[in-house]
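The values are calculated or read from the model by the stated rules, or taken from the named source; none is laboratory data. Keep in mind it's a predicted model, so treat the numbers as computed, not measured. We place every Cβ from the backbone using ideal geometry, glycine too, and count neighbours over all the protein chains shown.
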Amino acid sequence: MTAYANSLFIFRRDLRVHDNTALNEALRLSRQVLPCFIFDPRQIEPHPYQSKPALQFMLQSIGDLQQQLQTVGGKLALYHALPEQVVCSVFEQLHIQAVFINRDYTPFSRRRDDELADVCQKLGISLHTLPDALLTEPEQAVKNNQTPYKVFTAFYNNARQFPVALPQALSSKNFLSPASDFTFDQLGLSLVKSESNVMQGGRNHALAILDQLNAYSDYQNTRDFPALDATSKLSAHLKFGTCSVREVYYAITEQLGSEHPLLRQLYWRDFFTHIAYHFPQVFGRPFLEKFAHLHWDNNRDYFQAWSEGKTGFPIVDAGMRELNATGFMHNRLRMIVASFLVKDLHINWRWGERYFAQHLIDYDPCVNNGNWQWAASTGCDAQPYFRIFNPWLQQQKFDPDCQYIYHWIPELKLFSPKTIHQWDKKHSACSYPAPIIDHARESQITKAWFKACLSG
């Protein structure tokens, strides 16, 4: 027996029909469901944290979602307005009795959904918000005293105890067709398309990765070597929900085993999301307040050199050039370039957080913030401030033959790996620059500044 005649389901970061928790619930409880996606002006119009590569991935995934819905007799309604405006409009047209959404966790998302709840209450509409994006909810994996974990290992050990629901197929196909035919082109969004993006949107691309996870059987030993391309590149698909986290979880366990290190990465994603949910002040401030007044040089020339991949540190520059060209950066390189910006160039981690937000296809506010605060030693369970990545040792260890460096810095192709690994001592007259700073000296300065901040 259905509870509602007409309902509205709003797609957000769950751009798939299969194993979509709130969509299944809407179809189960409603005689007819209108599926829609809302282009919120606050998100698609230019702002300081907007990523055009991520926007492109989202558009591709929405286009694919339209096809998914067509195969099951549905049609995606597209709107360009605030969510509460859309609900009011659809209420007038279709007399909807319920709205269904999957839960989101950032401060912006929570404010947006509070506003949506207010409108639904005024109109007498039931709002159903269901968990879908994570393996564990923020209220679920907590200590005995109901406070959140601040150390990943303790969180991980607790979170692994909770069973993960099996992926669910579409429960029914009782869709309601929209009256309008709004298109991407009416927003001018087709202008952001780029074939250079290393990750392409849409469910088929996600499923292709999930079908070939056996390729990552040696992930533990290969994941830190960027030239091997040994990472799954599922991050953007998880961000936009072209596949569910449950599908990923079971694909890993079935093909690679229940203790495979890829699973741990899923829980790091949960952990950073939980931290951002429980401590929303991390967006704009260090998690560790004792470092709130840490000194930063914020040299704009240095920041430009870092962002353009022209610091004279080959492994750093290769990573930044990969990001700028493809919208992706290998995870080991993300740690190296972040440490370099903060602890070698003495630039506020928030500058790097914003730059990554503007360029990453897989930009996830919670994960990006967590990773940057980890690298800056200002976050929860972060690396100690005195642990500073040595870019020369990092490239010797993880790109010994300079294959990754050669790919992204063609100016160095005529130089041997031995010379490149000692570029601080053997740099030659060529179009690639000499190192802009001395790593050993700047590392000591960083340690002194952190110590001074701790001593007051």
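Considering only residues that are among the hydroxyl-bearing types (Ser, Thr, Tyr) and farther than 26 Å from residue 441 by Cα, which ones fall in the range 356-381? Working first, answer last.
First, the residues of the range 356-381 that are among the hydroxyl-bearing types (Ser, Thr, Tyr): 363, 377-378.
The one that is among the hydroxyl-bearing types (Ser, Thr, Tyr) and farther than 26 Å from residue 441 by Cα: 363.
Considering only residues that are touching a residue at least 24 places away in the same chain (Cβ under 8 Å) and among the small types (Gly, Ala, Ser), look in the range 413-443 and name the one that is surrounded by the fewest Cβ atoms within 10 Å (Cβ to Cβ).
The extreme case among them is 434.
Scanning the range 371-405 for residues that are surrounded by 20 or more Cβ atoms within 10 Å (Cβ to Cβ) and of a type outside the set (A, V, I, L, M, F, W, C) yields 371, 373, 377, 378, 379, 385, 391, 394, 395, 399, 404. Any residue at all in the range 250-265 that is of a type outside the set (Phe, Trp, Tyr), over 23 Å from residue 158 (Cβ atoms), in the same structural domain as residue 212 (by TED's automatic domain parsing) and free of Cβ contacts under 8 Å to residues at least 40 places away in the same chain? Within the range 250-265 (the criterion being of a type outside the set (Phe, Trp, Tyr), over 23 Å from residue 158 (Cβ atoms), in the same structural domain as residue 212 (by TED's automatic domain parsing) and free of Cβ contacts under 8 Å to residues at least 40 places away in the same chain), the answer is yes, since at least one residue qualifies.
Considering the range 123-158 alone, what residues qualify as being in contact (Cβ under 8 Å) with a residue 60 or more places away in the chain, closer than 30 Å to residue 85 by Cβ and of a type in the set (D, E, K, R)? Correct list: 132 only.
Checking the condition free of Cβ contacts under 8 Å to residues at least 40 places away in the same chain and either crowded, with 19+ Cβ neighbours inside 10 Å or outside the structural domain of residue 43 (by TED's automatic domain parsing) (or both), which residue from 368, 298 passes? Before you say what the answer is, go through the steps one by one.
Values: 298 fails: free of Cβ contacts under 8 Å to residues at least 40 places away in the same chain.
Only one candidate qualifies: 368.
For the structure I just gave you, tell me whether residue 238 is more than 18 Å from residue 157 (Cα to Cα), out of contact with any His (no Cβ under 7 Å at 6 or more places or on another chain), at pLDDT below 95 and surrounded by 21 or more Cβ atoms within 10 Å (Cβ to Cβ). Answer is no for this residue.
Does residue 306 satisfy the criteria of being over 17 Å from the mean Cα position of the chain (by Cα) and surrounded by fewer than 18 Cβ atoms within 10 Å (Cβ to Cβ)?
Working: over 17 Å from the mean Cα position of the chain (by Cα): yes; surrounded by fewer than 18 Cβ atoms within 10 Å (Cβ to Cβ): no.
Answer is no for this residue.
All of (1) modelled with pLDDT under 95; (2) more than 21 Å from the chain's Cα centre (by Cα); (3) surrounded by 13 or more Cβ atoms within 10 Å (Cβ to Cβ) hold for residue 223 with one exception: (2). If you go through the range 154-184 and keep only what is at pLDDT 95 or above, assigned to a loop (DSSP other than H, G, I, E, B) and either among the aliphatic types (A, V, I, L, M) or touching a helix residue (DSSP H, G or I) at 6+ places or on another chain (Cβ under 9 Å) (or both), you end up with 160, 164, 165, 166, 167, 168. Taken as a whole, the condition of being acidic (Asp, Glu) and more than 22 Å from residue 299 (Cα to Cα) does not apply to residue 424.
Can you tell me which residue among 116, 134 is among the hydrophobic types (A, V, I, L, M, F, W, C), in a helix (DSSP H, G or I) and touching a helix residue (DSSP H, G or I) at 6+ places or on another chain (Cβ under 6 Å)?
Working: 134 fails: in a helix (DSSP H, G or I).
116 is the lone residue from the list that is among the hydrophobic types (A, V, I, L, M, F, W, C), in a helix (DSSP H, G or I) and touching a helix residue (DSSP H, G or I) at 6+ places or on another chain (Cβ under 6 Å).
A search for C-beta distances below 7 Å between a residue of the range 385-398 that is within 29 Å of residue 287 (Cβ to Cβ) and any residue that is of a type in the set (A, V, I, L, M), counting only pairs 6+ apart in sequence or on different chains, returns 389/335; 389/336; 391/315; 391/316; 391/336; 394/315; 394/336. Scanning for something surrounded by fewer than 24 Cβ atoms within 10 Å (Cβ to Cβ), of a type outside the set (D, E, K, R), in the same structural domain as residue 372 (by TED's automatic domain parsing) and closer than 15 Å to residue 439 by Cα, does the range 313-333 turn up at least one residue? No - not one qualifying residue is present in the range 313-333.
Can you pull out the helices (runs of 4 or more DSSP H) entirely within the range 35-112 that have at least 2 residues that are in contact with a Cys (Cβ under 8 Å, 6 or more places away or on another chain) and crowded, with 20+ Cβ neighbours inside 10 Å? Outline the logic, then answer.
Values: elements: 41-44, 52-71, 83-94.
By residue number, 83-94.
All of 141, 117, 154 fail the test of being outside the structural domain of residue 266 (by TED's automatic domain parsing) and aliphatic (A, V, I, L, M), apart from 117.
Are any of the residues in the range 129-147 under 25 Å from residue 16 (Cα atoms), in contact with a strand residue (DSSP E or B) (Cβ under 7 Å, 6 or more places away or on another chain) and among the hydroxyl-bearing types (Ser, Thr, Tyr)? Checked the range 129-147: at least one residue is under 25 Å from residue 16 (Cα atoms), in contact with a strand residue (DSSP E or B) (Cβ under 7 Å, 6 or more places away or on another chain) and among the hydroxyl-bearing types (Ser, Thr, Tyr).
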